[in-house]
Amino acid sequence: MGNPTPQPGIFALGTRYHHHLEFDVDDDVATAAVVAALQHGLDSAPVSGGAANVVVGFGPALWQRLRDGRELPGGFEDFAEVSGRDGHRAPATQHDIWIWVHGGGVDGVLDAAVAVSAALDAVASLAQECASFVYHDSRDLTGFVDGTANPAPVEAPAVACIAPGAPGAGGSHVLTQRWVHDLASFEALPVADQERVFGRTKAASDAIPDRPTTSHISKAEIHDADGEERPIYRRSTAYGDVGERGLYFVAFSAEQDRFDEMLAQMYGTGGRPERDRLLDFSRAVSGSYYFAPSLDDLIAVGIVPA
Ligand code: HEM
């Protein structure tokens with residue numbers, strides 16, 4: 001048997017329109033009904049001809065029910081609130097199903113998001129929705145390029161997916177967090193100070209050699225005991241209107257605890273002496289962990305993506 005195939009939408013690049021939906025499954029709904037509703041949603045989502053990619057993830061409690069005897073991925077747990085230094089916190093809002101639709105046109109993406117939501121309405125309620133987009137040349141709304149240090153396409157699957165042979169192989173641990181920016185405060189900083197917040201230059205996204213230890217890239221980079229970097233694969237996008245704007249953070253990892261460690265460094269928990277300066281300019285308002293099973297595991301539990 002070959003290695004399991006990850007959901008291809010995780011790695012599909014060049015799509016500017018994104019739509020994230022998070023659902024809570026209603027109490028007392030049979031597992032078979034959830035599978036049937038999701039299948040109906042995927043069947044009715046217009047994805048042919050590349051109109052949209054649909055990626056599906058499940059929270060721990062639901063995957064535990066759906067997995068049909070498969071071993072759970074190691075370390076897969078609900079997102080737990082991070083209570084950090086100076087009153088900064090990352091709230092936990094764990095939900096059961098996460099659907100990520102993305103494509104080249106807002107029309108096809110919206111059609112697919114509506115179709116999946118309509119089908120899931122029979123078994124679940126919509127807990128969070130975020131329509132998002134690629135801002136200019138993949139910039140966050142602060143104006144800084146987001147994704148520079150992401151693994152190259154050829155390396156991304158090994159970073160994002162559980163290794164062959166391990167429970168959940170070919171699937172990914174996912175972190176989703178909606179962040180709300182305080183852009184007025186950030187934009188009030190001179191550009192040189194903004195660059196010290198992230199640790200990269202604004203125009204070209206070059207790493208600043210003498211960046212502060214509190215810069216975002218210093219806090220987000222983690223290493224194992226041998227000094228090897230423990231990377232993640234990020235696919236975050238900007239969202240907002242004239243009132244509220246921010247980042248819908250999405251990242252994939254072979255191990256869930258890479259996220260825990262990055263957040264611990266960012267928030268300065270566990271006795272760490274300092275936190276990420278970025279927290280002065282953005283706050284997380286949601287946080288969930290999901291498992292995006294391989295195509296093989298999805299099909300094995302009765303869900304056949306289009
Ligand atoms: C408001 C929320 C956030 C914003 C605006 C943001 C933005 C950025 C920017 C502009 C960069 C530098 C360019 C790049 O390499 O992509 C970066 C790097 C990075 N971010 Fe974030 N980020 C946010 C939250 C997070 C969170 C919650 C995590 C992890 C749980 C994270 C993990 C990383 C990693 C791993 C890097 C690369 C670090 C390296 O250079 O090795 N970020 N982020």
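None of the figures in this text is laboratory data; all of them are computed from the coordinates on show. If you're wondering where the values come from, they're calculated on a predicted model, not measured in any experiment. Don't worry about glycine lacking a Cβ; one is built from the backbone with ideal geometry, like all the others, and counts go over all protein chains shown.
Out of Asp111, Asp121, Asp137, one residue alone is over 16 Å from the mean Cα position of the chain (by Cα), closer than 16 Å to Thr15 by Cα and surrounded by fewer than 15 Cβ atoms within 10 Å (Cβ to Cβ). It is Asp137. Applying the criterion of being more than 8 Å from the ligand (Cβ to nearest atom) and assigned to a loop (DSSP other than H, G, I, E, B) to the residues of the stretch 126-140, the residue that is nearest to Val106 (Cα to Cα) is Val134. Yes or no: Leu38 within 19 Å of Gln64 (Cβ to Cβ) and touching a Leu at 6+ places or on another chain (Cβ under 9 Å)? In short, yes. Say whether the condition of being over 23 Å from Pro305 (Cα atoms), out of contact with any helix residue (DSSP H, G or I) (no Cβ under 8 Å at 6 or more places or on another chain) and of a type in the set (Asp, Glu) is met by at least one residue in the stretch 124-137. Yes; the residues of the stretch 124-137 include at least one that is over 23 Å from Pro305 (Cα atoms), out of contact with any helix residue (DSSP H, G or I) (no Cβ under 8 Å at 6 or more places or on another chain) and of a type in the set (Asp, Glu). Scan the stretch 54-66 and give yes if some residue there is in contact with a Lys or Arg (Cβ under 6 Å, 6 or more places away or on another chain) and either among the hydroxyl-bearing types (Ser, Thr, Tyr) or not in a helix (DSSP H, G or I) (or both), otherwise no. Checking the stretch 54-66: not a single residue is in contact with a Lys or Arg (Cβ under 6 Å, 6 or more places away or on another chain) and either among the hydroxyl-bearing types (Ser, Thr, Tyr) or not in a helix (DSSP H, G or I) (or both). Just the residues that are out of contact with any Ser or Thr (no Cβ under 6 Å at 6 or more places or on another chain) and either in contact (Cβ under 8 Å) with a residue 12 or more places away in the chain or within 14 Å of the ligand (Cβ to nearest atom) (or both), please, taken from the stretch 199-210. Selection gives Arg200, Thr201, Lys202, Ala203, Ala204, Asp206, Ala207, Ile208, Pro209. Mind checking whether some residue in the stretch 264-276 is under 18 Å from Glu81 (Cα atoms), assigned to a helix (DSSP H, G or I) and out of contact with any helix residue (DSSP H, G or I) (no Cβ under 9 Å at 6 or more places or on another chain)? Among the residues of the stretch 264-276, at least one is under 18 Å from Glu81 (Cα atoms), assigned to a helix (DSSP H, G or I) and out of contact with any helix residue (DSSP H, G or I) (no Cβ under 9 Å at 6 or more places or on another chain), which makes the answer yes.
Check off (1) part of a strand (DSSP E or B); (2) within 16 Å of the ligand (Cβ to nearest atom) for Val101 and give me the number that stays unchecked. Every condition holds for Val101 apart from (2). Considering each residue of the stretch 205-219 in turn, none proves to be under 30 Å from Ile299 (Cβ atoms) and buried (at least 16 other Cβ atoms within 10 Å of the Cβ). Might you let me know whether the stretch 75-82 holds any residue that is of a type in the set (Asp, Glu), in a helix (DSSP H, G or I) and farther than 21 Å from Ala156 by Cβ? The answer is no, given that none of the residues of the stretch 75-82 is of a type in the set (Asp, Glu), in a helix (DSSP H, G or I) and farther than 21 Å from Ala156 by Cβ. Go through the residues of the stretch 155-163 one by one and say whether even a single one is within 15 Å of the ligand (Cβ to nearest atom), farther than 21 Å from Ala300 by Cα and in a loop (DSSP other than H, G, I, E, B). Yes, because at least one residue in the stretch 155-163 is within 15 Å of the ligand (Cβ to nearest atom), farther than 21 Å from Ala300 by Cα and in a loop (DSSP other than H, G, I, E, B). If only residues of the stretch 286-306 that are touching a Leu at 6+ places or on another chain (Cβ under 7 Å) and over 15 Å from Cys161 (Cα atoms) are counted, the one that is surrounded by the fewest Cβ atoms within 10 Å (Cβ to Cβ) is Ala306.
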